[in-house]
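Computed from the coordinates by the stated procedures, all read-outs in this text should not be read as laboratory data. Everything numeric in this text was worked out from a predicted model, so none of it was measured. Positions of Cβ are backbone-derived with ideal geometry, glycine not excepted, and every protein chain shown enters the neighbour counts.
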Amino acid sequence: MFWDYENNTFISGNEINSWLDRINKKYKISSKKLHNHRLRHDRITQWKEAKMDIKAIQYLAGHVEGSSVTDIYIDVSPEFVFDELKKAV
């Protein structure tokens, strides 16, 4: 959630997504469409790759402890995969 201090209200998800879309087009950050939900996936993935405890991740993400929803949010970056593969060699 983002807060609009001038108007003393939350900034809507649509406004955030529109802003992210304009930034992505201007700076070519990602070939994928950027949206606030993508940022959530990325952050949760980074926490998992940093070996943060799953209970801490669930708490920070606002998920109930033991929730399988957290697993859905976790992607795997290519860098992480290759770093893990090096451990097996």
As computed over the range 12-89, the Cα convex hull volume per residue (Å³): 109
Excluding residues fewer than 8 places away in the same chain, name every one of the lysines whose C-alpha is closer than 22 Å to that of Lys86. Lys48, Lys51
Any idea what the relative contact order of the chain is, in percent, if you count C-alpha pairs under 8 Å spaced at least 6 apart? 18
Which ³J(HN,Hα) values, rounded to whole Hz and listed in residue order, are derived for the range 61-71 from phi using the Karplus coefficients 6.51, -1.76 and 1.60 in 6.51 cos²θ - 1.76 cosθ + 1.60 with θ = phi - 60°, glycine and proline given as x? 7, x, 9, 5, 3, x, 5, 7, 4, 4, 4
Pull up the cross-link candidates among the lysines for Lys25, meaning alpha carbon to alpha carbon under 22 Å and not fewer than 8 places away within one chain. Lys33
Footprinting proxy, Ser31, Ser12: sorted fewest to most Cβ within 10 Å, the residues are Ser31, Ser12
Scan around Ile11 for amide H atoms under 5 Å from its own, H built in the peptide plane at 1.01 Å from N, and keep only partners 5 or more places away or cross-chain. Phe2, Trp3, Asp4
Rounded to the nearest 0.05, what FRET efficiency do Glu84 and Arg22 have when you use their Cβ-Cβ distance and R0 = 35 Å? 0.50
Among all stretches of the chain without exposed trypsin sites (Lys or Arg not before Pro) (DSSP loop, at most 15 other Cβ atoms within 10 Å), which one is longest? 52-89
What are the GluC sites (Glu not before Pro) within the range 3-51 that DSSP puts in a loop, where the Cβ has at most 10 other Cβ atoms within 10 Å? Glu6
Could you pull out every one of the aspartates and glutamates with an alpha carbon less than 18 Å from that of Lys55, ignoring same-chain neighbours closer than 8 positions? Asp42, Glu65, Asp71, Asp75
Using only the alpha-carbon atoms, how far is helix 36-49 inclined from the longest principal axis of the chain? Give it as 0 to 90 degrees, nearest 10. 30
